[in-house]
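Structure record follows, encoded as structure tokens.
The values are calculated or read from the model by the stated rules, or taken from the named source; none is laboratory data. This is a predicted model, so every value here is computed, not measured. When we count neighbours, we look across all protein chains shown, and the Cβ atoms used for this are built from the backbone with ideal geometry, even at glycine. These area figures cover heavy atoms from the full protein model, side chains too; ligands, DNA and RNA do not enter into them. Shrake-Rupley method; radii C 1.70, N 1.55, O 1.52, S 1.80 Å.
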Amino acid sequence: MTRSLLFIPANTPAMIQNADIFEADAIIFDLEDAIHPLEKDAARILLKEYFKTNPHLNIDVIIRINDVSSPYFLSDIKHIMKWPVQGIMLPKASIASVEELDQLLSKYEKRKKNHEPLWIIPIIEQARSLFEVHTIASHVRVKALLLGGEDLATDLEVERTQDGEEILLARQLVIYAAKAYGKEAIDTPFTHVDNAEGLISDAKHAKRLGMTGKACIHPIQIDTINELFSPTQEQIDYAKKIVLAEEQASGKGAFSVDGKMIDKPIIMRAKKLLEKVTK
Amino acid sequence: MKHATAGTLESNDCLVTVEAADQLEIQIDSTVKDVFGEAIEKVILDVLKKSHIKKIKVSIQDKGALDYTIRARLLTALHRMEEKND
Amino acid sequence: MNLIKNTLNRQIPEGYTPFQGANNLIKTNERKIIDEVIIGGGNKPVESDIASVFDKLDIKDGMTLSFHHHLRNGDAVLNLVLMEIKKRKLKHITLAPSAIFPVHEPMVPLIKNQSITKIYTNYINGPVAKAIEEGHLKELLVMDTHGGRARAIESGELTIDVAFIATPAVDHAGHGNGIEGPSQCGTLGYAIPDLLYAKHKVLVTDHIVDRVKKVDIDGRYVDMILHIPSIGDPEGIKSGTTKPTRDPIQLKIAKNTARLIEELGLIKPHFNFQCGAGGTSLAVAEALKQRMTANKIKGDFASGGITSFLVDMHEKGLFEKLYDVQCFDLEAIKSYQRNKHHLMISASEYGNPYAKPIVNDLDVVVLGATEIDLDFNVNVTTDSFGHLIGGSGGHADTAFGAKVTIITTNLMKSRLSMVKSSVKTITTPGESVDILVTERGIAINPKRQDLINKLKDSKLEITTIDELMKRAHHITGEPKMIPSSDKIIGLIRYRDGSIIDSLYQL
């Protein structure tokens, strides 16, 4: 259950040092926007040495690489294959770039044999990728989709606002595509770090639409995101009730809980929720 | 003069400068010199050994960087110095 | 200098009483109180320059002069007296300011030329600290706790010839308070022992009124008033409080501390609480406030240095009373002016171990540390390198009195572990310290099996202090121990006047 993902600039030792204790469900070490072109080499080497000293982090680790058309792409992948990470976040994702990354990863993984296949988390941040998001989501390596609201607004040539009207369609398309294939839908980060109220309202909105998690750009946002994207105790208790009732009613067909008729979709939702909670 | 730098002066980081030289020279300036000065020198010597470098001047301004950060910054500086030659 | 050891295995100079345990106070000092020095009623003479005060009181070589620190780094009174000492070329003066701040830099040359040869204080940082740690003070520096200084004064052990009491508002009868005038600072708790027991008392003010609104300083104890243009800089006076931290590591520590307090079942009606004024403490207060509000819990009192955060909790009905020994900011001053349950307490009522002090009624205190060791001894006096950066203040007093004492600190700061095998200087003994909360785990003092049992099902990351040090060293590498020099330049006194540790020259 990836409720929160924290971006950490890959060239900042002070932040890397504490990556494991920020309580985010996943960490995204950023080799892309957070790193100046002249420091890309320094960032890669720093992460390389960090992972050598810390090969077993008890948290999911994702690397945001530079996009496939950049001069750093190949170097990024070459290095990453030696690191103990779980996934790669791909900026400016498209069907073509996801395919390209997948092929490169498969090539390396074949050589290494034991290598657990890396996930891809494509960032949907261009207008044209909204028309490809359904196919992107269907890809077997894709675990989750991240909506890149800031870059998307730039692509649309509109202002990025707090209520997010300009990215509403994009959010929904990402959610539907993700749900269609059982993938996670991660919402774009809320960039006004000092506005705690704004974060809550933005995250609630995203959750209501169907997002399953949200990216964070500052550790101070993590607690709020974790709380909002976790099922409530009420929801957990209700789900347990349903699963228990199903076991007791086995074979007897339809049953009710608290006066409500429980059918298959409701049972499936309850089971999925409990699965996420126990992880 | 062939030289290169890597790193920053931010907390938990270090600024490493490497320069071509006729002998081995290591200069360490650190906020935790009394406590970790020897450890820092050891890391630097270790990296130079593995890189087969015997003659070089290494200066480090350290703000409490952990071993892997010192290693990384030194390796990056060495790499950058090499690239300047290409 | 011959050395002996105390029960914490620390070396102290022979001839002084060694620390023998927080519950094993020096019996000879069992509340001994000398007679109060009452001058009498009537109008008090008003002087307009410091020279007249020195003349009239015949201030000369070898005397002991005292000051309080309610004006903090905005204080102008101590420096005024220092200038006069310098002018008259006085020698061998003992100063007893309750704290010394960077603004008191003019003291440095007077220490170096031995105009000032001895100092008693509870908290010190800045240029004066540097001069002392370099060995320039002729006699040993004596550091007390806030409660300990009150004890020393009222028992007659620390005899004060002249107390210069900065008083923001004064009337002609010599009554005064800290809530009126341009240099208002709130309560004047630290000044009370000096007022009662010093041989001579001078109120130094910049604001004389016909009648003060509140009598916190009783004129019957006052010899004279010194009226000067300004006793301090209001900005320096009011800026004692920081904001709650936004550092994500400290926020995590604060959050876990509040959770811990709740899991220990301490947040219940009539609970009594104290915390520091630093960023992490305020974040803890913030988190506690949310829990108390959600569960409709009303505490009895919050105490200590009062900040706007505690005032807010009081005004929201979360604490019935505020016991104030020092106001840290403007909100606290205003609250003391208008809230009838915001009460001033003297340093003695606050922390004097022989006086049934307020600290003994505390349920929880949350404090900081520059270092803590495997025996839970805490250092708030020096940093890891031995630089003098503070002092107990109320640390050792509250740590003793509170039912649960919690220390919050980052486990590591800039590659240095805050958990050491042995701290550089012991300010508060480990027997008074119950729990350490860091970002990488919580350690409970093995002496508190009761707390360990209460938390056995907790989902908090609870481990041993040895394990925390191991975790830190695993990340930082093994640190090399920096030995202290041989030269002792100061004494750290416990609340009863016994010596808990020594200060060494850098």
| task | Write down the Å³ per residue value for the convex hull defined by the alpha carbon atoms of chain C. | result | 131
| Which FRET efficiency, nearest 0.05, do C:Arg246 and A:Ser201 yield, Cβ-Cβ r, R0 25 Å? | 0.80
| Net +/- balance of residues flanking A:Glu125 in space, Cβ distance below 9 Å, scoring K and R +1, D and E -1 | -2
| remark: Rounded to the nearest 500, the 222 nm mean residue ellipticity computed for chain C from DSSP H runs (n ≥ 4, each -39500 (n - 2.57)) alone is -7000 deg cm²/dmol
| remark: Note on the range C:223-253: residues buried by at least 50 Å² of accessible area once partner chains are added (vs chain on its own, 1.4 Å probe) come out as C:Arg246, C:Pro248, C:Ile249, C:Lys252
| field | Total accessible area lost when A and B pair, probe 1.4 Å, Å² to nearest 100 | value | 1300
| Are there residues in the range A:31-46 whose accessible area shrinks by at least 50 Å² when all protein chains are included rather than the chain by itself, and which are they (probe 1.4 Å, ligands and nucleic acids not counted)? | A:Asp41, A:Ile45, A:Leu46
| query | Around C:Lys420, which amide H atoms from residues at least 5 apart in sequence, or from another chain, sit under 5 Å from its own amide H, with H modelled in the peptide plane? | reply | C:Ile372, C:Asp373, C:Leu374
| field | Summed buried accessible area for C+B [probe radius 1.4 Å, Å², rounded to 100] | value | 1100
| task | With a length cut of 15 Å (Cα positions projected on each helix's long axis) and a Kyte-Doolittle mean of at least -1.0, go through chain C and give me the DSSP H helices that pass. | result | C:77-87, C:248-263, C:279-294, C:465-476
| field | Heavy-atom surface of the protein assembly as shown, accessible at 1.4 Å and reported per residue (Å²) | value | 42
| remark: Surrounding charge for C:Ser239, neighbours by C-beta under 13 angstrom, Lys/Arg +1, Asp/Glu -1, total -2
| field | Protection proxy ranking, peptides B:45-53, C:363-371, A:94-102, A:16-24, average beta carbon neighbours within 10 Å, highest first | value | C:363-371, A:16-24, A:94-102, B:45-53
| said: Between C:Ser485 and C:Lys91, what's the calculated FRET efficiency when r is the beta-carbon distance and R0 is 30 Å? Round to 0.05. | reply: 0.65
| Expressed in nm to one decimal, what extension gain is obtained for the pair A:Ser138 and A:Leu104 from 0.36 nm per residue of sequence separation less their Cα-Cα distance? | 10.4 nm
| Filter on C:Lys27/C:Lys201; B:Lys33/C:Lys420; A:Lys271/C:Lys252 - keep pairs with C-alpha separation over 24 Å | C:Lys27/C:Lys201; A:Lys271/C:Lys252
| query | Counting Lys and Arg as +1 and Asp and Glu as -1, what is the net charge of the other residues whose Cβ lies under 13 Å from the Cβ of C:Gly189? | reply | -4
| said: With +1 on the Cβ of every Lys and Arg and -1 on the Cβ of every Asp and Glu, and nothing else charged, how large is the dipole of chain A about its Cα centre, in debye rounded to the nearest 20? | reply: 1460
| request: Pull out a ≥ b ≥ c, the square roots of the eigenvalues of the alpha-carbon gyration tensor of the range C:464-506, then state rounded if a/c is under 1.5, prolate if not and a/b is larger than b/c, and oblate in the remaining case. | output: oblate
| message | List the aspartates and glutamates whose Cα sits under 12 Å from the Cα of A:Lys241, skipping any in the same chain fewer than 8 residues away. | response | A:Asp258
| note | Expressed as a percent, the accessible surface of the protein assembly as shown that is carbon or sulfur, using a 1.4 Å probe and the full set of protein chains, is 51
| Distance violations [Cα-Cα > 26 Å] among C:Lys91/C:Lys130; A:Lys179/C:Lys255; A:Lys207/C:Lys268; A:Lys207/C:Lys298 | A:Lys179/C:Lys255; A:Lys207/C:Lys268; A:Lys207/C:Lys298
| said: Among the listed pairs A:Lys48/B:Lys49; C:Lys118/C:Lys199; C:Lys44/C:Lys138; C:Lys56/C:Lys89; B:Lys54/C:Lys470, which have their C-alpha atoms separated by more than 27 angstrom in this model? | reply: C:Lys44/C:Lys138; B:Lys54/C:Lys470
| message | Highest mean first, how do C:334-347, C:422-435 rank when packing is the count of other Cβ atoms within 10 Å averaged over residues? | response | C:422-435, C:334-347
| How many percent of all Cα-Cα pairs in the range C:215-282 sit more than 15 Å apart? | 73
| message | Need the full-extension length gain, A:Glu159 to A:Phe131, defined as separation in residues times 0.36 nm minus the C-alpha distance. One decimal, nm. | response | 7.9 nm
| Can you list the residues, at least 5 places off or on another chain, whose amide H is less than 5 Å from the amide H of C:Ile499, using H built in the peptide plane? | C:Thr17, C:Phe19, C:Tyr494
| remark: One would report the antiparallel percent of DSSP beta bridges in the range C:160-229, rounded to the nearest 5, as 20
| message | For a protection proxy built on the mean count of beta-carbon atoms within 10 angstrom, sort A:117-130, A:29-42 highest first, please. | response | A:117-130, A:29-42
| Qualifying aspartates and glutamates (Cα of each under 16 Å from Cα of A:Lys52; at least 8 residues distant if same chain) | A:Asp20, B:Asp46, B:Asp67
| task | Describe numerically, in nm with one decimal, the distance between label points set 7 Å from Cα along Cα→Cβ at A:Ile266 and at C:Asn9. | result | 6.7
| task | Over both sides of the A-C contact, add up the buried accessible area with a 1.4 Å probe and give it to the nearest 100 Å². | result | 1000
| said: For the range A:4-228, take every pair of Cα atoms, bin their distances at 5 Å starting from 0, and report each bin as a whole percent. | reply: 1, 7, 15, 19, 21, 18, 12, 6, 1, 0
| said: Give me the residues in the range B:38-75 whose solvent-accessible area, probe 1.4 Å, is reduced by at least 50 Å² once all protein chains are included instead of the chain isolated. | reply: B:Leu66, B:Tyr68, B:Arg73
| request: Over the whole of A:205-217, what's the average partner chain Cβ count within 10 Å per residue? Rounded to a whole number, please. | output: 0
